[in-house]
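Below: one structure, written as structure tokens.
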Amino acid sequence: MIKVVARSRVKPDKVSEYKALAARLVVVTRKDKGCISYSLYQDVHDEFMFSFIEEWHDGDSLAAHLQSKHFNAIVPLLNELREGETETHVYREVR
């Protein structure tokens, strides 16, 4: 199992727009083959910090998601609403 945490700071005047676009990405991504869970979270101490927390069956499923039409259409739009770079961490489950 693969878990991804992608953390970003959103421009203060773009939070509503970011949430709306991210919601579209969440809905379509949850239908991707190999997606176990895919959600957006807002930091309870910093209203401009958001994290996508994802769970995938395997690396191939994640790779397919990163090449998907919806990912490549929506993520560039999200990037325009962010401050700085997204910090992404990919984890493999330890058994």
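Search segment 8-24 for residues that are in contact (Cβ under 8 Å) with a residue 24 or more places away in the chain and more than 13 Å from Glu80 (Cβ to Cβ) and pair each with any residue that is outside any helix (DSSP H, G or I) and open to solvent by 90 Å² or more (accessible area, probe 1.4 Å) when their beta-carbon atoms are under 8 Å apart and the residues are at least 6 apart or on different chains.
Final answer for the pair search is Val15/Glu47.
Please determine, by comparing only the residues of segment 1-23 that are more than 13 Å from the chain's Cα centre (by Cα) and among the charged types (D, E, K, R), which one is nearest to Trp56 (Cα to Cα).
My answer is Glu17.
Name the residue, out of Ile53, Ile74, that is surrounded by fewer than 17 Cβ atoms within 10 Å (Cβ to Cβ), within 13 Å of the chain's Cα centre (by Cα), outside any loop (DSSP other than H, G, I, E, B) and touching a residue at least 40 places away in the same chain (Cβ under 8 Å).
Exactly one of Ile53, Ile74 is surrounded by fewer than 17 Cβ atoms within 10 Å (Cβ to Cβ), within 13 Å of the chain's Cα centre (by Cα), outside any loop (DSSP other than H, G, I, E, B) and touching a residue at least 40 places away in the same chain (Cβ under 8 Å), namely Ile53.
Look through segment 24-47, keep the residues that are of a type in the set (D, E, K, R) and touching a strand residue (DSSP E or B) at 6+ places or on another chain (Cβ under 6 Å), and return whichever of them is nearest to Gly59 (Cα to Cα).
Arg30
Which one of Ala6, Ala23 is loosely packed, with under 13 Cβ neighbours inside 10 Å and of a type in the set (A, V, I, L, M, F, W, C)?
Ala23
The values are calculated or read from the model by the stated rules, or taken from the named source; none is laboratory data. It should be emphasised that the depicted structure is a prediction, and the values quoted were computed from it without experimental measurement. Note that each Cβ is placed from the backbone with ideal geometry, even for glycine, and that neighbours are counted across all protein chains shown. For the accessible areas, the whole protein counts, side chains as well, though only heavy atoms, and no ligand, DNA or RNA atoms are used. Shrake-Rupley method; radii C 1.70, N 1.55, O 1.52, S 1.80 Å.
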